[in-house]
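Engineer: One structure, as structure tokens, below. Some questions next.
Bear in mind these aren't lab numbers, they're just calculated from the coordinates by the rules spelled out. What you see is a predicted model; the values in this text were computed from it and never measured. Every residue, glycine among them, receives a Cβ derived from its backbone with ideal geometry; neighbour counts consider all protein chains shown.
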Amino acid sequence: MSIDWLSIRGLRNLEAVELHPGFGINWLYGDNGAGKTSVLEAIHLLARGRSFRTGTISGVIQHGCEALSVVARRADGCTLGVERRAKAWRGRVDGRDCQRVSEFAARLPLVLIEPDSHRLVDGGPDQRRQYLDWLLFHVEHSYLGTWQRYARVLRQRNAALKAGADDRVLDALDPEFVRAGEAINRLRTAQAERIGRLAVELVDTLGFALPGALAFRYRPGHPADTGLAAAVAESRAMERERGFSRCGPHRGELVLTCGGYPAASEMSRGQQKLLAIVLQLAGLDLLAGRADSPPLLLLDDPVSELDQRHLDQLLGWLQSRQVQSWVTATTPGHDGMAMFHVEQGAIRAML
């Protein structure tokens with residue numbers, strides 16, 4: 001869902017600002033350190049409750065301020081706002097208090113592409129699990145509850161294993177562990193297939209140069225030739241020795257291959273970045289077609305990450321989509337974009 005008004009106060013070096021963005025591409029340009037990425041950070045903080053640049057909120061609050069605030073009005077009139085302090089936060093949705101980050105995420109879905117996005121390809125399996133889970137949260141209404149049930153029983157099961165609890169405790173926990181785990185695996189498998197199809201289509205549409213054909217599959221966190229229930233039963237003795245659950249979707253992975261080989265080892269860093277962009281854009285397309293609210297795209301500094309040909313292809317594709325994008329760069333954009341000049345924390349709309 002696009003934003004038609006955005007207010008940011010007390011965040012990093014930004015002056016207090018109110019923006020009226022356009023529906024399509026919003027191009028934020030200025031020198032390095034001017035505050036462009038801080039605008040994306042503010043939107044991300046509003047939608048997901050955290051910064052994508054740091055794990056501590058105290059580093060985001062402007063020096064001399066006790067709190068930061070970000071308020072946005074969607075095009076349909078819904079207003080979302082958060083106030084963050086070093087050790088507290090307060091949220092409001094349409095004037096009522098709301099402390100559930102999941103509600104902000106559902107009302108303001110977004111896709112982020114930034115210089116570290118290549119970690120989606122060459123990072124650990126947790127990066128790709130989170131990618132699948134975030135998309136499923138938006139397109140499968142039952143997924144959040146299923147994932148929460150699984151996470152709860154996983155904690156209980158690990159605590160029982162670590163404490164050397166009686167088998168009767170594990171016998172009581174395992175049925176729910178298996179039910180929730182199998183449901184997660186089914187949904188992730190289907191999601192991996194959908195994303196794979198969209199990604200292959202996007203590579204052709206964008207003309208991105210990759211060294212081979214892409215393939216995607218979900219590998220559950222247990223041997224492929226047995227079910228989760230059997231794997232859990234067979235691994236109990238070893239789990240007791242190690243004190244944690246060895247089988248289950250918490251160990252699953254989205255496997256990416258290029259030309260039949262692991263993408264992380266087959267591709268150069270530049271190609272990994274292209275694939276990461278394709279993955280995120282495939283997620284954007286999926287959310288645009290299936291989520292309750294159309295997503296936003298936050299694209300940080302693509303000019304420094306892509307050569308001119310790939311950048312032109314990406315921007316041309318974005319201009320054809322019914323999605324609001326926020327893009328940062330050091331140089332002005334093109335005609336047809338809403339442009340904002342950022343200089344030493346001050347933001348000025350360019351007419």
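Engineer: Ordered by packing density, taken as the mean number of other Cβ atoms within 10 Å over each peptide's residues, highest first, how do 333-341, 282-290 rank?
Structural biologist: The most tightly packed comes first, giving 282-290, 333-341.
Engineer: Still on this structure, I have one more. Quick one: check the C-alpha center-to-center distance for the stretch 153-190 versus the stretch 248-263, whole angstrom.
Structural biologist: First find each Cα centre; the distance between them is then 23 Å.
Engineer: Right, next: For the chain, find the longest principal axis of its Cα atoms and tell me its angle to the long axis of helix 36-48, 0 to 90°, nearest 10.
Structural biologist: 40
Engineer: Here's a follow-up. Could you work out the Kirkwood radius for the stretch 110-292, taking every pair of different alpha carbons, averaging 1/r and inverting it, reported in Å?
Structural biologist: Values: mean 1/r = 0.0571 Å⁻¹.
Across the stretch 110-292, the inverse of the average 1/r is 17.5 Å.
Engineer: Which label marks the calculated value of percent of Cα pairs over 38 Å apart, given the options (1) 20; (2) 23; (3) 35?
Structural biologist: Recomputing percent of Cα pairs over 38 Å apart here gives the entry labelled (2).
Engineer: Mind ordering 13-21, 91-99, 238-246 by average Cβ neighbours within 10 Å, highest first?
Structural biologist: Top to bottom by mean Cβ count within 10 Å: 13-21, 238-246, 91-99.
Engineer: Residues of the stretch 55-78 with the amide nitrogen closer than 16 Å to a label point 7 Å from the Cα of Arg96, along Cα-to-Cβ, please.
Structural biologist: So the set is 78.
Engineer: The stretch 1-105: percent of C-alpha pairs farther apart than 19 Å?
Structural biologist: Pairs farther apart than 19 Å: 40 percent.
Engineer: Treat every Asp and Glu Cβ in the chain as -1 and every Lys and Arg Cβ as +1, leave all other atoms uncharged, and give the resulting dipole magnitude about the Cα centre to the nearest 20 debye.
Structural biologist: 1000
Engineer: Follow-up. Calculated from DSSP H runs of 4 or more alone, at -39500 (n - 2.57) each and per residue, what is the 222 nm mean residue ellipticity of the chain, nearest 500?
Structural biologist: Rounded to the nearest 500, the figure is -14500 deg cm²/dmol.
Engineer: A follow-up question, please. Could you please state, rounded to a whole Å, how far the C-alpha centre of the stretch 271-291 is from the C-alpha centre of the stretch 213-242?
Structural biologist: Comparing the Cα centres of the stretch 271-291 and the stretch 213-242, I get a distance of 28 Å.
Engineer: Viscosity 1.567 mPa s, temperature 4 °C: give me the Stokes-Einstein translational D for the stretch 237-291 in µm²/s, with Rh taken as the Kirkwood radius over C-alpha pairs.
Structural biologist: Numbers: Rh = 14.2 Å.
Estimated diffusion coefficient is 91 µm²/s.
Engineer: If you don't mind, another one. Which value results when the Cα radius of gyration for the stretch 42-177 is divided by 2.2 N^0.38 Å?
Structural biologist: Taking the Cα Rg and dividing by 2.2 N^0.38 Å, one obtains 1.31.
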